[in-house]
1. Does at least one position in region 55-76 carry a residue that is in a loop (DSSP other than H, G, I, E, B), farther than 30 Å from Thr2 by Cα and not aromatic (Phe, Trp, Tyr)?
2. From the list Asn83, Asn3, Asn69, Asn7, which one is open to solvent by 30 Å² or more (accessible area, probe 1.4 Å), more than 15 Å from the chain's Cα centre (by Cα) and modelled with pLDDT of 95 or more?
3. Mind listing just one residue for me: the one in region 18-50 that is charged (D, E, K, R) and in a loop (DSSP other than H, G, I, E, B) and, of those, least open to solvent (accessible area, probe 1.4 Å)?
Amino acid sequence: MTNYTKNQIVTGTVSGIETYGIFISLEDNYSGLVHISEISDGFVKNISDYVELNEIINVKILEVNQERNHLKLSIKNFDYRINKKNKNKISETSLGFSTLKKKLNNWIEYKKEELNDLVYNSKS
């Protein structure tokens, strides 16, 4: 029987990916969850940018629940990849939100006109 302990790095298999985190299957019928907040220090838009279903990865144990055979896990701040496959992380461009800012006033004016047309046509 495996004895899991806090701060231990173990190997597991990605068994599920949800919007809130990654499910990991481990030895001895243990399972765990890497909550989205434990994936990266940065903003995580899409968890599939970090792992794939059935991928084998390293995870750090944050908490152990022996009664439920459940672990709280993390992949933040260490190299969790086993096969070193290079997943391209989406990085912010130097433009940031400036392109949206340039278009915002046009979109607002367009929407105002559209709403005015709806109000005018509904009164007719």
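The values are calculated or read from the model by the stated rules, or taken from the named source; none is laboratory data. None of these values were measured; they are calculated from a predicted model. Just the protein is used for accessible areas: all its heavy atoms, side chains included, with ligands, DNA and RNA removed. Shrake-Rupley method; radii C 1.70, N 1.55, O 1.52, S 1.80 Å.
1. no
2. Answer to the check: Asn7.
3. If we take residues in region 18-50 being charged (D, E, K, R) and in a loop (DSSP other than H, G, I, E, B), then Asp28 is least open to solvent (accessible area, probe 1.4 Å).
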